[in-house]
Amino acid sequence: MKKYSFAILTILLMVTVARAAEVEVLKPRGNLEIKLGHPSSVSLYDIPAILTHDRLNSHGWNLKSVEFTRTDLNVQALAQGTIQIANSQVMDPVRAIQKGAKLFFLMENNGGEFVMIAKKEIKDCKETDGKRFAIHGEASTTSLAVKLWLLNECKVNPKIVVIPGGENRIIALQNNQIDATLVQLGDWLNLDSQAPGRFHIIRTGNLFNISGASFWANGEWLRKNEEVATAYIAELLKTFRMVHTNPKILEPAVAKHLPDMPKHIVAPAIKAYIEIVRAWPQNGGDTSILDDTVKFFTENGELKSAVNTKEIVDSKILAGALGKVGKVSGVR
């Protein structure tokens, strides 16, 4: 009898927890429609946001992902209000702000995740001189950084080829259309699994520390929808924490949205993003990604006028989100 009572109690507890989880989805007053911009096709670092959208859409929100072919188009749409929030590297929003756009940094999504890769016979950056080197776009943060680094540090002049999308650059590398490129860590793990030993990572020191992504919002939309923005960021933080607690929850979404990623590298890739890339910070991270990027490009002469990073951070939204979900001690 005790066994049956315990079983019934367990079932009731599970139902209660499930209902509590449903209640926990925030539904603030206001327009719950948000378009989130991505600078290219969905990548591994986007998957927690996709999971958040799935969860919230089942509770009355209307969240959509919009993929762009270029990083600057992503931010252009944000400045125009076509999308309300964008996951972006730093330089494109900063450039737009310098031209008068009202955009604000909300929180970090991931740290630097890019690596430079090349054919095995190209031993270091100096051997890229005159070689075909592919970048995502002329204006993207990582592309600009690597061009400056090759010129100033390696003293070389490769033939720059623009190929948007890391998955497309990998195909070009495999088909001998290019000799070297830069890609996200997930793309590299995918390539190395498909063609082990044919390509390798070129050492770049701390160059790609600035290549992380963060969430940016349209200022006008933010002013009118502060409560909705705060709830959205709070829900993203919930997902980040779920992923850190149980990384396996990402695997079905990765299989769905990144079907070309071999199944056996999915778990190691997620682990690498959490431990190496420091992706999906449970308390929203900090603004160092913004400060470091502005410092790098100012010192390299790419930013001609001074940028006060404190003026383009909306700390109120993240603080409000943390007020709703609390802070996790000992983490970023």
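Brief remarks on what is shown
- Any hit, the range 116-125, residues being under 29 Å from Gln282 (Cα atoms) and either of a type in the set (Asp, Glu) or touching a residue at least 24 places away in the same chain (Cβ under 8 Å) (or both): yes
- Single residue of Lys102, Lys27 found to be touching a His at 6+ places or on another chain (Cβ under 7 Å) and either more than 27 Å from Ile270 (Cα to Cα) or modelled with pLDDT under 95 (or both): Lys27
- Within the range 243-282, the residues that satisfy the criterion of being surrounded by 14 or more Cβ atoms within 10 Å (Cβ to Cβ), of a type in the set (A, V, I, L, M, F, W, C) and either free of Cβ contacts under 8 Å to residues at least 40 places away in the same chain or not in a helix (DSSP H, G or I) (or both) are Leu258, Met261, Val266, Ala267, Ile274, Val277, Ala279, Trp280.
- Matching residues, the range 80-89, being in contact with a Phe, Trp or Tyr (Cβ under 8 Å, 6 or more places away or on another chain) and hydrophobic (A, V, I, L, M, F, W, C): Ile85, Ala86
- Output for the range 260-271, where each listed residue is aliphatic (A, V, I, L, M) and touching a helix residue (DSSP H, G or I) at 6+ places or on another chain (Cβ under 6 Å): Met261, Ile265, Val266, Ala269, Ile270
- Residue list for the range 69-97, restricted to those being open to solvent by 40 Å² or more (accessible area, probe 1.4 Å) and either outside any helix (DSSP H, G or I) or over 26 Å from Phe297 (Cβ atoms) (or both): Thr69, Arg70, Thr82
- Residues of the range 310-332 classified as of a type in the set (S, T, N, Q) and farther than 20 Å from Met242 by Cα, total: 1
- Here the condition is being part of a loop (DSSP other than H, G, I, E, B), among the aliphatic types (A, V, I, L, M) and either open to solvent by 30 Å² or more (accessible area, probe 1.4 Å) or more than 17 Å from Trp216 (Cα to Cα) (or both); of Ala139, Ala145, it holds for Ala139 alone.
- Scanning the range 288-306 for residues that are surrounded by fewer than 18 Cβ atoms within 10 Å (Cβ to Cβ) and not in a helix (DSSP H, G or I) gives Asn300, Gly301, Glu302, Lys304, Ser305, Ala306.
- Filter pass, Glu167 being modelled with pLDDT under 95, touching a helix residue (DSSP H, G or I) at 6+ places or on another chain (Cβ under 9 Å), open to solvent by 10 Å² or more (accessible area, probe 1.4 Å) and part of a loop (DSSP other than H, G, I, E, B): no
- Total residues in the range 134-179, condition within 18 Å of Ser43 (Cβ to Cβ) and charged (D, E, K, R): 2
- In the range 50-68, of all residues being open to solvent by 10 Å² or more (accessible area, probe 1.4 Å) and of a type in the set (S, T, N, Q), the one that is nearest to Glu33 (Cα to Cα) corresponds to Asn62.
- Restricting Gly186, Gly212 to those that are surrounded by 15 or more Cβ atoms within 10 Å (Cβ to Cβ) and in contact with a Leu (Cβ under 7 Å, 6 or more places away or on another chain) reduces the list to Gly186.
The values are calculated or read from the model by the stated rules, or taken from the named source; none is laboratory data. Here the structure is a predicted model, which means the values were calculated and not measured. Every residue, glycine as well, gets a Cβ built from its backbone with ideal geometry; the counts of neighbours run over all protein chains shown. With ligands, DNA and RNA removed, areas are computed over all heavy atoms of the protein, side chains included. Shrake-Rupley method; radii C 1.70, N 1.55, O 1.52, S 1.80 Å.
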